[in-house]
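A short write-up of the structure that comes next.
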Amino acid sequence: MSEINESISISAHTPSSGLAAPAQELQALEDQICELAGHLAAATCRFLLLVADFDARRGWATWDLPSCGAWLAWKCQIAPGTAREHVRVARALPALPAIRAAFAAGTMSYAKVRALTRIATPATDAGLAELAGPMRRAVRERDGARCQFPGCNSRRTDIHHIRHWAHGGPTRLDNLILLCEAHHVIVHERGYLIAPAASAGFAFTRPDGIPVPASPHLPPTSGDITGWHDATITSDTIIPNWNGDKLDLDHAIWVAFANARLATAAP
């Protein structure tokens, strides 16, 4: 702990000095942070397994409290909502050995475990545990961390099984794709079909069988653009008649009202 404190103290003075910290010093600090994050994950797993045991034995009832969440909030100084979520995850862990093992080994964070326990079942436990690790990184790298639905580039994405795991779809790179939350719902509820494209990426087909083009072609042009308007355009038309200063909005509003008053006052 003294080494961590020493590193934090050194890094805290670096910005005020205006000098970049030596690369080795930053690397050592980064290593300590990442190592401690692994310890936190493993310790949190142990903590939640103890909570699960305490909850199963109804230890909280001996204090005349209504729930294990209430006991956690009281005894461990945890916010009530957070305490209830801890209990939910704790209750889920015993039935999910693959996720629990990765959590206990410090290779999966509580944030990931919390998300996975919302959807995981004993049948999907192993596949989801794999998905949360190297497989997830591989999918994000291949898809550029963006939704693959045509026309969408959202960075807030979920991993979608092209062939659903409930129908025997494997958790393999060629059966996974990134979709944003909205398009994930659309694909599931409306029955879009997804298949590997002939060149690269994926081909999407609407429920009515119409392919969704990755980049829709623009309609063909007809004639000269100057025929689409009645304005007289010269090389000076687009150039502003002021020196480029920022608009003075207060002055512009004052002028507009002044002109309006003059217009109404005119005989």
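The values are calculated or read from the model by the stated rules, or taken from the named source; none is laboratory data. Keep in mind that this is a model prediction, so the values were computed, not measured. Reconstructed Cβ throughout: ideal geometry from the backbone, glycine too, with neighbour counts over all protein chains shown.
Residue by residue through the range 152-171, note down the ones that are among the small types (Gly, Ala, Ser) and either closer than 16 Å to residue 196 by Cα or modelled with pLDDT under 90 (or both).
Once the filter is applied, which keeps residues that are among the small types (Gly, Ala, Ser) and either closer than 16 Å to residue 196 by Cα or modelled with pLDDT under 90 (or both), the range 152-171 yields 166, 168, 169.
Select from the range 143-175 the residues that are of a type in the set (Lys, Arg) and more than 11 Å from the chain's Cα centre (by Cα) and list them in ascending order. Outline the logic, then answer.
Residues of the range 143-175 of a type in the set (Lys, Arg): 146, 155-156, 163, 172.
Across the range 143-175, the qualifying residues are 163, 172.
Any residue at all in the range 23-44 that is at pLDDT 60 or above, in the same structural domain as residue 109 (by TED's automatic domain parsing), surrounded by 11 or more Cβ atoms within 10 Å (Cβ to Cβ) and outside any helix (DSSP H, G or I)?
No, there is no match, as no residue in the range 23-44 is at pLDDT 60 or above, in the same structural domain as residue 109 (by TED's automatic domain parsing), surrounded by 11 or more Cβ atoms within 10 Å (Cβ to Cβ) and outside any helix (DSSP H, G or I).
May I ask you to verify whether residue 91 is modelled with pLDDT of 90 or more and farther than 30 Å from residue 213 by Cβ?
Values: modelled with pLDDT of 90 or more: yes; farther than 30 Å from residue 213 by Cβ: yes.
It is true that residue 91 is modelled with pLDDT of 90 or more and farther than 30 Å from residue 213 by Cβ.
Taking residue 178 as the residue in question, decide whether it is assigned by TED's automatic domain parsing to the domain that holds residue 201 and touching a strand residue (DSSP E or B) at 6+ places or on another chain (Cβ under 8 Å). Talk me through it step by step, then tell me what you get.
Details: assigned by TED's automatic domain parsing to the domain that holds residue 201: yes; touching a strand residue (DSSP E or B) at 6+ places or on another chain (Cβ under 8 Å): yes.
Yes, satisfied.
So, restricting to helices (runs of 4 or more DSSP H) that lie completely within the range 65-122, which ones have at least 2 residues that are under 24 Å from the mean Cα position of the chain (by Cα)?
Counting at least 2 such residues, we get 80-92, 97-104, 110-116.
Out of all the residues in the range 204-221, is one or more among the charged types (D, E, K, R) and assigned to a helix (DSSP H, G or I)?
Scanning the range 204-221, I find no residue that is among the charged types (D, E, K, R) and assigned to a helix (DSSP H, G or I), so the answer is no.
One line per residue, one yes/no per condition, for (1) charged (D, E, K, R); (2) surrounded by 10 or more Cβ atoms within 10 Å (Cβ to Cβ); (3) at pLDDT 85 or above:
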site: 189; (1), (2), (3): yes, no, yes
site: 204; (1), (2), (3): no, yes, yes
site: 208; (1), (2), (3): yes, no, yes
site: 214; (1), (2), (3): no, yes, no
site: 218; (1), (2), (3): no, no, no
site: 227; (1), (2), (3): no, no, no
